[in-house]
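First up is the structure itself, then whatever we jot down about it.
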């Protein structure tokens with residue numbers, strides 16, 4: 001089944017600029033099970049991606065009546081919503097999957113970096129093995145939720161008019177579920193085809209002999225460029241900031257190769273939680289200048305050839321801390337990329353000698369042939385850093401200096417209101433009636449990256465103040481998910497009505513997140529780690545920068561001594 005976001009062309013054209021999840025709400029004829037009008041459950045999960053599915057199985061296994069509300073029409077989270085050309089994951093398997101033996105023993109990946117079709121098939125397999133969809137309400141969009149302290153339950157309303165009560169509310173909504181489309185004038189006038197990368201139709205968009213454009217050079221922009229470069233009649237890539245992408249090194253995997261390794265999977269899955277970013281590799285033990293220039297060059301070369309995120313979180317351990325060390329890694333990166341680009345002017349735009357920002361303080365994208373696309377006569381880079389897009393017209397895009405680009409097909413790859421935007425679009429209200437969306441305008445505030453003061457018995461995964469974008473998703477999901485399940489078990493075992501994070505505890509956690517971040521180079525530029533690029537959004541760290549092992553120890557200690565950080569209210 002395709003994603004609800006991947007609309008047919010007719011439906012999509014009526015919604016193409018919408019960024020509201022409520023567009024995907026539907027009225028359901030079935031009023032039973034998770035679609036019941038006055039449903040009462042132990043735990044309600046929002047989102048059916050890795051986080052939501054992990055929590056569903058984990059809480060069900062512990063005896064809790066649990067359901068998922070999903071805005072789309074199938075499981076898979078981002079891999080149902082994103083079906084643009086070239087869409088795929090940037091984390092390698094076997095790291096990027098659930099650690100459940102009953103699932104991995106009967107599953108085989110086609111390659112080490114699955115695309116969205118592979119991942120949809122994987123989630124369908126997960127459903128067949130553990131039975132996910134029977135407990136999911138699809139096309140169900142949460143629009144309001146508030147905890148009633150007298151009842152000790154959440155009251156959750158959905159866009160189709162249903163109200164559900166649950167003792168626990170778990171937000172498995174991730175970091176990228178709220179799309180962002182800049183308010184360019186004239187978009188409705190454009191007579192060509194235009195799609196946002198995360199609102200892509202499931203059918204192929206024909207670009208043969210067409211004049212095409214990709215706006216944005218983040219992960220989706222890079223992937224679309226790689227997919228369209230060989231086939232588009234003419235392709236223009238609108239770039240504000242160069243993407244410091246690193247080589248993916250995708251390769252096919254055989255079933256025998258995977259089966260031989262599965263005996264070691266339990267240890268591998270334990271190991272991924274001991275590394276900084278949740279991969280099967282970690283920082284070099286040495287600092288950059290502990291090595292001679294020759295040793296450094298050999299080290300960089302080896303990591304580069306191994307591919308993936310190794311040339312990000314498997315470099316020297318001071319690479320994201322020491323400016324001079326970081327410049328060394330950038331110089332190597334630029335030399336490698338510049339050698340792949342023929343035109344000298346393009347080299348300066350794609351891999352400038354003077355680095356546009358420190359290397360790796362924006363999550364790098366993985367690429368295979370991105371830079372080679374610009375060696376094609378049909379592919380052009382349009383620098384919009386100092387000459388931004390002014391407007392769309394009927395026939396294309398006009399820049400501020402009056403330059404007009406005639407176009408037939410446009411891919412808007414402008415990303416998301418990252419990390420915090422996901423939670424602020426659900427209509428969440430505190431026990432005092434405050435709206436989370438307004439409370440977080442000055443900045444996000446959580447306790448442990450899993451809870452929010454004023455929102456008792458509410459937990460979130462892969463969101464603000466956790467390792468999130470600094471990590472492999474499934475690794476962080478399982479670390480946080482087990483913690484949430486254990487917190488709920490402790491509540492149940494001790495006859496507790498609810499736990500509510502103390503304001504002071506949340507203040508201290510945020511201070512801790514800021515202090516960790518300030519030890520690094522992350523604050524030196526605006527990025528997803530600093531709240532993203534949405535105009536007017538506060539500039540602040542949104543991810544825990546201390547690594548998964550340290551994070552795990554800290555949240556576990558806080559659960560052991562929960563009365564220090566939570567108001568624990570007995571039933």
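Rule-based calculations on the coordinates, nothing more; no lab input. This is a predicted model, so every value here is computed, not measured. Here Cβ is always computed from backbone atoms with ideal geometry, including for glycine, and neighbour counts include all displayed protein chains.
Please say if region 275-342 is rounded, prolate or oblate, where rounded means a/c under 1.5 for a ≥ b ≥ c the square roots of the C-alpha gyration tensor eigenvalues, and otherwise the choice is prolate for a/b larger than b/c and oblate otherwise? Walk me through the numbers on the way to the answer.
Working: a/c = 1.71, a/b = 1.23, b/c = 1.39.
Since a/c reaches 1.5 but b/c is at least a/b, the shape of region 275-342 is classed as oblate.
Which value in nm describes the separation of the simple spin-label points at residue 437 and residue 255, placed 7 Å from the Cα toward the beta carbon?
5.0
When you count, for each residue, the other Cβ atoms within 10 Å and take the mean per peptide, how do 24-34, 105-115 rank with the highest first? Provide the component values of the computation, followed by the final result.
Working: 24-34: 13.7, 105-115: 17.1.
Top of the packing list down: 105-115, 24-34.
Before anything else, pin down the relative contact order of the chain: Cα pairs under 8 Å, at least 6 apart, normalised by residue count, whole percent.
Normalised by residue count, the contact order of the chain is 19 percent.
Please report the antiparallel percentage of DSSP beta bridges with both residues in region 91-236, rounded to the nearest 5.
Antiparallel bridges: around 80 percent, rounded to the nearest 5.
Can you pull the one-decimal nm distance between simple spin-label points at residue 512 and residue 372, each 7 Å off the Cα toward Cβ?
In this crude spin-label approximation the distance works out to 4.7 nm.
Give the order of 67, 129 when sorted by the count of other beta carbons within 10 angstrom, beginning with the fewest.
With the fewest neighbours first, 67, 129 line up as 129, 67.
Is region 391-475 rounded, prolate or oblate when judged by the Cα gyration tensor, a ≥ b ≥ c being the square roots of its eigenvalues, rounded requiring a/c under 1.5 and prolate requiring a/b larger than b/c?
prolate
Using a simple spin-label model with points 7 Å from Cα along the Cα→Cβ vector, what separation in nm is obtained for residue 61 and residue 149?
According to this spin-label approximation, the distance is 3.6 nm.
With n ≥ 4 as the cut-off for DSSP H runs, can you work out [θ] at 222 nm for the chain, using -39500 (n - 2.57) per run divided by the number of residues, rounded to the nearest 500?
Helix contribution divided over all residues of the chain: -8500 deg cm²/dmol.
Would you please put 465-473, 201-209, 491-499 in order of how densely packed they are, using the mean number of other Cβ atoms within 10 angstrom per residue and starting with the highest?
465-473, 491-499, 201-209
By how many degrees, 0 to 90 and rounded to 10, does the Cα axis of helix 219-228 deviate from the longest principal axis of the chain?
Helix 219-228 sits at roughly 50 degrees to that axis.
Run through the DSSP bridge list for the chain and note the antiparallel percent, rounded to the nearest 5.
40
In percent, what relative contact order does region 275-342 have, based on Cα pairs under 8 Å that are 6 or more apart in sequence?
Details: 54 pairs, mean separation 23.4, N = 68.
Answer for region 275-342 is 34 percent.
Could you work out the relative contact order of region 63-124, using alpha carbon pairs under 8 angstrom and six or more residues apart, expressed as a whole percent? Can you show the working numbers first?
Values: 40 pairs, mean separation 27.4, N = 62.
Relative contact order of region 63-124: 44 percent.
Roughly what angle does helix 293-306 make with the longest principal axis of the chain, taking Cα atoms, 0 to 90 degrees, to the nearest 10?
Relative to the chain, helix 293-306 is tipped by roughly 70 degrees.
Using Cα atoms only, what is the angle between the long axis of helix 323-338 and the major principal axis of the chain, expressed in degrees (0 to 90) to the nearest 10?
60
Once fully extended, how much extra length lies between residue 353 and residue 335, figured as 0.36 nm per residue of separation less the alpha-carbon to alpha-carbon distance? Write out the running numbers ahead of the final one.
Values: separation 18, 0.36 × 18 = 6.48 nm, distance 0.85 nm.
Fully extending the segment from residue 353 to residue 335 adds 5.6 nm.
Nearest 0.05, what FRET efficiency do residue 36 and residue 490 give at R0 = 41 Å with Cβ-Cβ as r?
0.90
Going by how many other Cβ atoms sit within 10 Å of their own, how do 274, 424, 66 line up, fewest first?
274, 424, 66
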